[in-house]
Amino acid sequence: MPRHAAALLLACCAALPPGVLAADTQRPEVGVAAAALQERVVAWRRDIHQHPELSNRETRTAAKVADHLRGLGLQPRTGIAHHGVTAVLRGGRPGPRLALRADMDALPVTEETGLPFASTATDTYRGQRTGVMHACGHDAHTAILMGVAEALVGMREQLAGEVLFVFQPAEEGAPEGEQGGARLMLEEGVFADFRPDAVFGLHVFSTLNADTIGVRAGPTMAASDRFGIRVIGRQTHGSRPWGGVDPIIAAAQIVNQSQAIVSRQMDISAQPVVLSFGAINGGIRYNIIPDAVELVGTIRTFDEDMRADVFRRLGAVAEHVAAANGATVEARIPAEEGNPVTFNNEALTARMRPSLEAAAGTGKVVDMPLVMGAEDFSLYAREVPGLFFFVGATPVGVDAATAPSNHSPKFDVDESALDLGLRAMLQATLDYLDGDAGS
Ligand SMILES: [Zn+2]
Ligand SMILES: [Zn+2]
């Protein structure tokens, strides 16, 4: 791996035509730092990968991060939002304030990668014993940000402004009955003492090759909202449906009719909308019409007004279709506070894109299509201008369209993505703090 980094550095500097703008080519100090750190970033990621922890259980990972930050001479704050770790680095020169965020949690997935450092960890999730795996690549994010922190500490005297490192637990969602993630980080004051001027984050992603960065301005990842609809009828014998109110018929019609919200009522030429039912539960026996049926599902949107509109329309469909059947509903739409749209500030994205290009190389930063998945980075980006970009996880030469996706038991991060992610984040940070990427 170090040879690879050195080769990249040489290739990059050798290709440097004289007189080009700093923002268009990788800063020499970025290449030097990345080459020096690469082996350790790989080792950190392998170690974190081998010891994954579920959301709100990230004790070992948090301790590793805090130890690393302390070793760099920083004074980390620990225990924020359960296992969150933050630290501030103050540069030697005045400048803006920037927050860099990585997430640390793993998923209840049993790993099938066959890697020598594959996870064999298990834990209990929703009452079931399960394997635990970094199937979303948060191990890579944590290792990259540890590397970025070390690189920036090494440049402290020349650094303009201040950087807040945010190592966040529970991005995938706190277990039932618990709070966690970005929402709790904000509630517990992650931006209270240090109000950043902007926040950056990245995600490794299977649909891109590991030499490629994906980014887009504006709405980037969907708002994700869970809903629950309880359709209430009146129990009766299956042979005498007229003796009660059948909630199964009403529920079936609600499922069908709500598909017309997306296909007939929302302006999907403006932004896409997805409405999916994930479970239907009701009844126990072939000849009993039950009292009630439970429906649960998810709504994905990219616009706050459309999001509110879908909530309202789904509620109306549930209520009126049920009423037409003589049934009633108890609707929770949304069932809880979901993640809003992950929105990349347009001016900030335009300003930082050359920094990503400088790290990835010409033609290696692509326009990211909308991602229907959600991110709680969105909550930080609702507070201050945000930039969230994607680093390819699939080895060059492998078809990224068919590679095992994030959350798959076969999901893997090509280790060259660690180098690209580190260089991109470092380059973007330095360019932002220096303000030489223009504004
Ligand atoms: Zn995930
Ligand atoms: Zn993730």
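The values are calculated or read from the model by the stated rules, or taken from the named source; none is laboratory data. Only a predicted model underlies this, so the values are computations on that prediction, with no experimental measurement involved. As a convention, Cβ positions derive from the backbone with ideal geometry for all residues, glycine included, and neighbour counts pool all protein chains shown. For accessibility, only protein heavy atoms count, side chains too; no ligands or nucleic acids. Shrake-Rupley method; radii C 1.70, N 1.55, O 1.52, S 1.80 Å.
Quickly estimate the mean residue ellipticity at 222 nm for the chain, helices only: each DSSP H run with n ≥ 4 gives -39500 (n - 2.57), and the total goes over all residues, rounded to 500. Numbers along the way, then the final one.
Numbers: 10 runs with 149 residues, N = 439.
When only DSSP H runs of four or more count, the value is -11000 deg cm²/dmol.
Sorted by packing (mean other beta-carbon atoms within 10 Å per residue), highest first, where do 412-418, 314-320 land?
Details: 412-418: 24.0, 314-320: 18.7.
Sorting 412-418, 314-320 by mean packing, highest first, produces 412-418, 314-320.
Computed on the chain, with alpha-carbon pairs under 8 angstrom and 6+ residues apart, the relative contact order is 22 percent.
Given N residues in the chain, what is its alpha carbon radius of gyration divided by 2.2 N^0.38 Å?
On the way: Rg = 24.1 Å, N = 439, 2.2 N^0.38 = 22.2 Å.
Dividing the Cα Rg of the chain by 2.2 N^0.38 Å gives 1.09.
Counting only Cα atoms, the size of segment 99-247 along its three principal axes is 82, 41, 29 Å, in decreasing order.
Taking θ as phi - 60° and the Karplus parameters 6.51, -1.76 and 1.60, the scalar couplings of segment 142-155 work out to 5, 5, 4, 5, 4, x, 4, 4, 5, 4, 5, 4, x, 9 Hz in sequence order, x denoting glycine and proline. Along the axis of the charge dipole computed for segment 218-288 (Cβ charges of +1 for Lys and Arg, -1 for Asp and Glu, origin at the Cα centre), the listed residues Ile268, Ile280, Val245 are led at the positive end by Val245. Plainly put, segment 115-175 has a radius of gyration that is 1.14 times its Kirkwood radius, both from alpha-carbon atoms, as the Rg/Rh ratio.
Considering only protein heavy atoms, what per residue accessible area in square angstrom results for the chain with a 1.4 angstrom probe?
On the way: 18370 Å² over 439 residues.
Ligands and nucleic acids excluded, the result is 42 Å² per residue.
Placing +1 on the Cβ of every Lys and Arg and -1 on the Cβ of every Asp and Glu, with no other charges, gives segment 110-211 a dipole of roughly 80 debye about its Cα centre. The fraction of Cα-Cα pairs per 10 angstrom bin, counted from 0 for segment 341-422, comes to 15, 42, 37, 6 percent, rounded to whole percents.
Considering segment 275-409 at the alpha-carbon level, its Rg and Dmax are found to be 21.2, 68 Å.
Reducing segment 158-176 and segment 272-297 to their Cα centroids gives an inter-centroid distance of 38 Å.
Would you mind telling me the share, in percent, of accessible area of the chain contributed by carbon and sulfur at probe 1.4 angstrom?
Working: 9480 of 18370 Å².
Percent of accessible area from carbon and sulfur atoms in the chain: 52.
What is the packing order of peptides 122-134, 215-227, taking the mean over residues of other C-beta atoms within 10 Å and listing the highest first?
Details: 122-134: 15.7, 215-227: 22.2.
Those peptides, ordered most packed to least, come out 215-227, 122-134.
Relative protection proxy for 163-170, 67-74, 276-283, 337-344, from highest mean packing down: 163-170, 337-344, 67-74, 276-283 (other beta-carbon atoms within 10 angstrom). Dipole check for the chain: with +1 at the C-beta of Lys and Arg, -1 at the C-beta of Asp and Glu, and the Cα centre as origin, the magnitude is about 380 Debye.
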